[in-house]
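**Student:** I have a structure I would like to understand better, so I am pasting it below and will then ask my questions one at a time.
Laboratory data are not the source of any read-out in this text; all were calculated from the coordinates shown. In this text, all values refer to a predicted model and were calculated from it rather than measured experimentally. Here the Cβ positions follow ideal geometry from the backbone for every residue, glycine too, while neighbour counts run over all protein chains shown.
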């Protein structure tokens with residue numbers, strides 16, 4: 001079965017050559033998916049803030065960043081929704097590769113997502 005998911009991902013140039021399997025996976029798979037899913041990730045995050053009755057848009061930038069950190073570390077439902085938006089874009093082969101290094105890759109996804117949400121605060 002042909003999978004067109006890879007073809008719709010944005011191309012991201014990296015500064016240095018990846019040295020580990022995890023770094024290659026991050027640069028070749030995770031970064032393009034996170035960039036492609038950016039608007040959806042923000043929509044999910046903002047919806048969960050509204051659902052949790054957090055007046056996120058009324059917070060200072062510093063408080064928003066603290067709320068992002070708190071939410072991503074404490075709110076398992078939010079974490080799983082955001083993680084699912086990324087994993088749902090994997091091919092079967094990428095998913096199998098993800099499973100081999102699931103703990104480390106999940107940590108990398110959440111770290112990149114945290115930074116993406118924080119940098120997006122400045123833009124929204």
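**Student:** Against the empirical 2.2 N^0.38 Å scaling, what ratio does the C-alpha Rg of the chain come to?
**Tutor:** Its radius of gyration relative to the 2.2 N^0.38 Å reference: 1.10.
**Student:** Pop the C-beta distance of residue 5 and residue 59 into the FRET formula with R0 = 35 Å and round what comes out to the nearest 0.05. Show your work: numbers first, answer last.
**Tutor:** Values: r = 35 Å, r/R0 = 1.01.
E(calc), rounded to 0.05, equals 0.50.
**Student:** Tell me, what is the FRET efficiency for residue 101 and residue 81 to the nearest 0.05, using R0 = 22 angstrom and their Cβ-Cβ distance as r?
**Tutor:** Numbers: r = 22 Å, r/R0 = 0.99.
Computed FRET efficiency for residue 101 and residue 81 comes out at 0.50.
**Student:** Once R0 is set to 22 Å, what does the formula 1/(1 + (r/R0)^6) return for the Cβ-Cβ distance between residue 23 and residue 119, expressed as a FRET efficiency to the nearest 0.05?
**Tutor:** On the way: r = 21 Å, r/R0 = 0.94.
After rounding, the FRET efficiency stands at 0.60.
**Student:** Which order results if 8, 87, 33 are arranged by neighbouring Cβ count within 10 Å, fewest first? Walk me through the numbers before you get to the answer.
**Tutor:** Numbers: 8 9, 87 16, 33 23.
Lowest to highest Cβ neighbour count: 8, 87, 33.
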